[in-house]
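The values are calculated or read from the model by the stated rules, or taken from the named source; none is laboratory data. It should be emphasised that the depicted structure is a prediction, and the values quoted were computed from it without experimental measurement. Here Cβ is always computed from backbone atoms with ideal geometry, including for glycine, and neighbour counts include all displayed protein chains. Keep in mind that these areas ignore ligands, DNA and RNA; they rest on the heavy atoms of the full protein, side chains included. Shrake-Rupley method; radii C 1.70, N 1.55, O 1.52, S 1.80 Å.
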Amino acid sequence: MVHFKTLNNGIRLIVKRMPGLMSVTMGIIVHTGASVESDKEDGISHFIEHMMFKGTKKRTAFRISDEMDAIGAQMNAFTSKDITCYYAKSTTGHAAEAFEILSDLFLNSTFPEDEMAREKGVIIEEINMNDDTPDDLCLDLLSEAYYGERGYGRNILGSRENVNGFTRSDIKEYISKRYVPENIVISMAGNIDSDLAEELTEKYFADVKPAKADNKPVKVQLCARSLFRKKDIEQIHLGLAFPSVKRYDSLYDATQIMNSVLGGSMSSRLFQKVREELGLAYTVYSYLSTYAEAGSLVVYAGVNAENYLKSVDAVLACIDDIKKKNISKEEFMRGKEQLTSSSVFAQESTSSQMLLYGKELIYSGRVYDFEERVRKIASVTLDDVMSAIENNFDKTRLASAVVGKTDKPLQL
């Protein structure tokens, strides 16, 4: 059961009723993130996400946390390349209270100067932690190698210099430009009555002034660079990115099935060959990363430094094997079942459903249709997967990133 409504000011509400449960997850999703930031704004989407929890006109930062804890609710937020999401999960009986607190921090945050100073230190430590986490560092570096330093290549955390320099006026200017009704979706999933959800949304958000969003396509210019970061660690962390499908490409599902065969599961070619047979890596996998304007097929491996080049050869051999289009019917069906089951499993999580329905509205303007999704997966043929193979693995446009004891980028 799905309920959808657009408020008079343009804010959209989507409710996925899950009556067999005893909880609900409520999210406020904003169509903004690192990819739309200017050089001056680099990191501000994430900084604002942190600062939203630091006090409102009627609550201190402690009271926000304390009142959520008092009703046994959970609250958090995250920033990505193209969305920022604030969410709370509560029991059904405390949904109204949890949503009031969530709405208060979203609409009435005051961004106190003393809290800003403290939070800058917190975020700089988060940047330091990211630098000390080589797999995260590798994938951030890979985004830069693939997309460049702007757009989807931006690091969500921003630079230390930018974070230290952000002011309250910077925050308010960015919010006035990006946190507008046209960019906001309120998504709820779980055991909540749609009438109550609509009543709460109207109560707290109906008075938000309407404003048009200046949403322009993200400029994408694929770079196909090879970058490296030398670090005195035991492993070499390797990332490869090939150009692939966009978010709603006709070959999206076929590419997901192909990726499952390549490196999306424990039975995949990469896992079985590189880890199980050759023992070259503890972690090795591949995944599809898609946006409205571009996409990539990413391979990641954490390997022993002494076997670094041997591991690269093994990864590339798996890719070359896929390129020969020798995927079996059994592998195809297994990949198809995995893609179907991931959609089914998501139906059983209020958090997954909140985000799924909210993002679909943000990205496409449509209400997510689970039955249609399953039908689309079921309609994918082995020939579609063969077409997907032809659409991937262009080595002339390959980007790579390496982190570890190395003095040069990967040379292929």
Which listed residue, of LEU270, LEU356, is in contact with a Phe, Trp or Tyr (Cβ under 7 Å, 6 or more places away or on another chain), open to solvent by 40 Å² or more (accessible area, probe 1.4 Å) and in a helix (DSSP H, G or I): LEU356
Members of region 43-94 found to be open to solvent by 50 Å² or more (accessible area, probe 1.4 Å) and part of a strand (DSSP E or B), listed by number: THR60, GLN74, ASN76, PHE78, TYR87, LYS89, THR91
Filter result for THR255 (hydroxyl-bearing (Ser, Thr, Tyr) and part of a helix (DSSP H, G or I)): yes
Region 20-39, residues that are within 27 Å of THR79 (Cβ to Cβ) and either in a loop (DSSP other than H, G, I, E, B) or charged (D, E, K, R) (or both): HIS31, THR32, GLY33, GLU37, SER38, ASP39
Region 136-148 residues that are touching a residue at least 60 places away in the same chain (Cβ under 8 Å) and in a helix (DSSP H, G or I), paired with ones that are among the hydroxyl-bearing types (Ser, Thr, Tyr) and crowded, with 19+ Cβ neighbours inside 10 Å (beta carbon under 6 Å, 6 or more apart): TYR146/SER296
Residue among ILE171, ILE192, ILE186 that alone is of a type in the set (Val, Ile, Thr), within 26 Å of LYS359 (Cβ to Cβ) and either open to solvent by 40 Å² or more (accessible area, probe 1.4 Å) or part of a helix (DSSP H, G or I) (or both): ILE171
Top-ranked residue of region 367-411 - restricted to ones that are open to solvent by 60 Å² or more (accessible area, probe 1.4 Å) and among the basic types (Lys, Arg), ranked as farthest from MET354 (Cα to Cα): LYS408
Residue match in region 329-342 (condition: touching a helix residue (DSSP H, G or I) at 6+ places or on another chain (Cβ under 9 Å), part of a loop (DSSP other than H, G, I, E, B), of a type outside the set (S, T, N, Q) and closer than 30 Å to HIS31 by Cβ): no
Evaluation of VAL312 against (1) open to solvent by less than 30 Å² (accessible area, probe 1.4 Å); (2) closer than 22 Å to THR133 by Cα; (3) touching a strand residue (DSSP E or B) at 6+ places or on another chain (Cβ under 6 Å) (one fails), failing number: (3)
Residue match in region 2-19 (condition: touching a residue at least 24 places away in the same chain (Cβ under 8 Å), surrounded by 23 or more Cβ atoms within 10 Å (Cβ to Cβ) and in a loop (DSSP other than H, G, I, E, B)): no
Only one of LEU227, LEU200, LEU278, LEU238 that is of a type in the set (A, V, I, L, M), more than 30 Å from SER379 (Cβ to Cβ) and open to solvent by 60 Å² or more (accessible area, probe 1.4 Å): LEU278
Identity of the residue in region 203-212, closer than 18 Å to GLY358 by Cβ and either open to solvent by less than 20 Å² (accessible area, probe 1.4 Å) or not hydrophobic (A, V, I, L, M, F, W, C) (or both), that ends up farthest from the chain's Cα centre (by Cα): TYR204
Every residue from region 337-351 that is open to solvent by 30 Å² or more (accessible area, probe 1.4 Å) and in contact (Cβ under 8 Å) with a residue 60 or more places away in the chain: GLN338, SER351
Hits in region 359-375 (condition: under 18 Å from SER187 (Cβ atoms) and assigned to a helix (DSSP H, G or I)): LYS359, GLU360, LEU361, ILE362, TYR363, SER364, PHE370, ARG373
Test result for GLN235, touching a residue at least 60 places away in the same chain (Cβ under 8 Å), within 19 Å of THR406 (Cα to Cα) and within 27 Å of the chain's Cα centre (by Cα): yes
Test: TYR179 is among the hydroxyl-bearing types (Ser, Thr, Tyr), closer than 30 Å to PHE228 by Cβ and open to solvent by less than 50 Å² (accessible area, probe 1.4 Å): no
Residue tally, condition open to solvent by 10 Å² or more (accessible area, probe 1.4 Å), closer than 27 Å to GLY148 by Cβ and among the polar types (S, T, N, Q), over region 284-309: 2
Of residues in region 315-328 being of a type in the set (D, E, K, R) and in a loop (DSSP other than H, G, I, E, B), the one most open to solvent (accessible area, probe 1.4 Å): LYS324
